[in-house]
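The values are calculated or read from the model by the stated rules, or taken from the named source; none is laboratory data. No experiment lies behind these values; they were computed from the predicted model shown. Note that each Cβ is placed from the backbone with ideal geometry, even for glycine, and that neighbours are counted across all protein chains shown.
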């Protein structure tokens, strides 16, 4: 029966794409789940190589794409929800439309338990937990509790790959059992001495006492211990040393692994992408791929959709960097501040369900860091004026801020300053709209792949 | 002129970008040439109840809010009452608002609060109250609007005779039942509206700045108007979001 239902849903997907109305990245899956609510279980059970799940607040699409590149480099083509649609229907759509022997799925943090119950994965990667869309996810500690329960349940049947530098995630090792791998940054030079003001992990998950941080790299990711109960950051098997950041261009580091050191030259910027790469290398090891081979594939990878993507429009090079929560936005701002020349910006703030209806988070992001480096900024999206207001109170010069609420008119305005580099910072649905706009006006490749 | 702001538990009670409220007040003071002094007071610390004109407390995660409740009762209750009786302006948002009451409920447990306002927060069956919200407020004979975002599991009920901050136009308010939102008693303001509250409602920020300066300088203060085009547009945008539901 599942074959027939799958065929119907697949046909529907083709029809949607033929009409040119969006990517159809989730509709076939939604349709299939209506026909058979257990479709993910049934289609997933056919993957002879089993499944790997990837979850995190920030970086799951990038990490999963890195892992896909590594698997492909090893001649293994995974079934992968590469468009970033990461709830049940996105997974269902990928299973429906792709064939392969193993599954690689990024999964929404709140959907992880359900997807794991359906797919019985042999490997789960957990990258980080930051405050994000509090209206939808609730508190980070609540998610951490749910992940801990999941690890307890799956201990023995799933290998976990955990970020040693995130105390909320590393703590899951308490429950996930002996088959757990940790990764983290060991180099002390790129760290900041203090936690950011709105840190999401101040307390020990074991005893509740306040953690002591020796250093922090990205938000609350860093080196910590509990002075009260003695809980310590686990020693990572896969770790980064001698980190060198090269602005928006990329980064390099020496990666220590049980198989020996490898040098990583990554064409993606920022410490957050170093974490994504470390996670992908550590997960690839669990999947039987040597770190050296993994690094070789990563070095050649192109930027992943939406995370850092460059498009030429006349004399302007447009780079797109997704922003969706304070921790992620801060890393983007920190990386942009490394640019030598003043920057032109386009910021798209939407408040649709997939963005989070609550836009408070823009006041937790450190836009102050960039004010004196900005030549012009266009704010757009459903909450454009609130974005502009945030920038005014971050001391960005008022005469350089323009509000163009209609997103389809905003891009032309952002291109007005003339030749140079333009950085687009959209929330998730603003990113989809921007891509659609670019596809219509500038013939950019459509992002969905099937 | 000088405004002395006390931020209570900034490390714990900051979940809905509460920093935005403080930034907003600071900049609006700076632009008017009003001196701005920010003091933080955390767990285990006391403060001088006569040394601050505006006291701010935001919202936090459950674990943090519980620790803060205990600390408020043990360490700061007397100072909070003295400051309130002395006319200091108090603004408490979300979790901070719940802590003004006699108690709030966390899972099965009833946790003692400050008792600075006649209200109590309980749990009821049903989902968290989440979404954009708009309320009608009358502080000085003029009806005005506050727009923001609410996200709370607790349901707050005011004692008879205790005045709300406003009446719900759209959204849930204190408990989703009685159409009331927040609490207002002289210079004490409590509300579930974040977003953050003040950047979306510049008029309230200026109202509070005015009251705080009066408290400090002992007489009415005329605030210099600021060019507020973006502030008005942001207010309208938050209001539209609330009206769209």
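Working only within segment B:15-27, note down all residues that are surrounded by 23 or more Cβ atoms within 10 Å (Cβ to Cβ) and either on the phi < 0 side of the Ramachandran plot or more than 8 Å from every other protein chain (Cβ to nearest Cβ) (or both). Can you show your working first?
The first filter runs over segment B:15-27 and keeps only residues surrounded by 23 or more Cβ atoms within 10 Å (Cβ to Cβ), leaving B:15-18, B:20-21, B:24-25.
Listed by number, the residues that qualify are B:15, B:16, B:18, B:20, B:21, B:24, B:25.
Before we move on, is residue A:382 assigned to a strand (DSSP E or B) and either under 18 Å from residue B:238 (Cβ atoms) or within 14 Å of another protein chain (Cβ to nearest Cβ) (or both)? Steps first, answer last, please.
Working: assigned to a strand (DSSP E or B): no; either under 18 Å from residue B:238 (Cβ atoms) or within 14 Å of another protein chain (Cβ to nearest Cβ) (or both): yes.
No; evaluated as a whole, the condition is false for this residue.
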What are the residues in segment A:9-36 that are at pLDDT 75 or above and surrounded by fewer than 14 Cβ atoms within 10 Å (Cβ to Cβ), if any?
A:11, A:34
In segment A:116-138, what residues are more than 21 Å from residue A:284 (Cβ to Cβ) and more than 14 Å from chain B (Cβ to nearest Cβ)?
A:117, A:118
Quick check on segment B:210-223. Is at least one of its residues touching a residue at least 24 places away in the same chain (Cβ under 8 Å), within 14 Å of chain A (Cβ to nearest Cβ) and touching a helix residue (DSSP H, G or I) at 6+ places or on another chain (Cβ under 6 Å)?
no
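Test of understanding: among A:209, A:175, A:146, A:164, which residue is assigned by TED's automatic domain parsing to the domain that holds residue A:276 and under 30 Å from residue A:357 (Cα atoms)?
Numbers: A:209 fails: under 30 Å from residue A:357 (Cα atoms); A:175 fails: under 30 Å from residue A:357 (Cα atoms); A:164 fails: under 30 Å from residue A:357 (Cα atoms).
From the options A:209, A:175, A:146, A:164, the qualifying one is A:146.
Condition test on residue B:178, is it at pLDDT 95 or above and in a loop (DSSP other than H, G, I, E, B)? Steps first, please.
Values: at pLDDT 95 or above: yes; in a loop (DSSP other than H, G, I, E, B): yes.
Here the answer is yes, as residue B:178 does meet what is asked.
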Can we say residue B:143 is away from chain A (no Cβ under 14 Å), without any contact (Cβ under 8 Å) to a residue 60 or more places away in the chain and buried (at least 21 other Cβ atoms within 10 Å of the Cβ)?
no
Considering only residues of segment A:152-184 that are crowded, with 23+ Cβ neighbours inside 10 Å and assigned to a helix (DSSP H, G or I), which is nearest to the other protein chains (Cβ to nearest Cβ)?
A:168
Identify all residues within segment B:1-14 that are within 12 Å of chain A (Cβ to nearest Cβ), assigned to a loop (DSSP other than H, G, I, E, B) and over 12 Å from residue A:200 (Cα atoms); write none if there are none.
B:9, B:10
Considering every residue within segment A:89-101, establish whether at least one is more than 14 Å from chain B (Cβ to nearest Cβ), under 28 Å from residue A:184 (Cα atoms), surrounded by 21 or more Cβ atoms within 10 Å (Cβ to Cβ) and in contact (Cβ under 8 Å) with a residue 40 or more places away in the chain.
no
Does residue A:130 satisfy being outside any helix (DSSP H, G or I), at pLDDT 95 or above and at negative phi?
no
Quick one: would you say residue A:254 is part of a strand (DSSP E or B), touching a residue at least 24 places away in the same chain (Cβ under 8 Å) and surrounded by fewer than 20 Cβ atoms within 10 Å (Cβ to Cβ)?
no
Please go through segment A:212-237 and pick out each residue that is over 26 Å from the mean Cα position of the chain (by Cα) and assigned to a loop (DSSP other than H, G, I, E, B).
A:226, A:227, A:228, A:229, A:230, A:231
Is it the case that some residue within segment A:340-349 is in a loop (DSSP other than H, G, I, E, B), within 23 Å of residue B:19 (Cα to Cα), in contact with a strand residue (DSSP E or B) (Cβ under 6 Å, 6 or more places away or on another chain) and more than 14 Å from chain B (Cβ to nearest Cβ)?
no
From A:194, A:141, which residue is modelled with pLDDT under 90, assigned to a loop (DSSP other than H, G, I, E, B) and either farther than 30 Å from residue A:287 by Cα or within 14 Å of chain B (Cβ to nearest Cβ) (or both)?
A:194
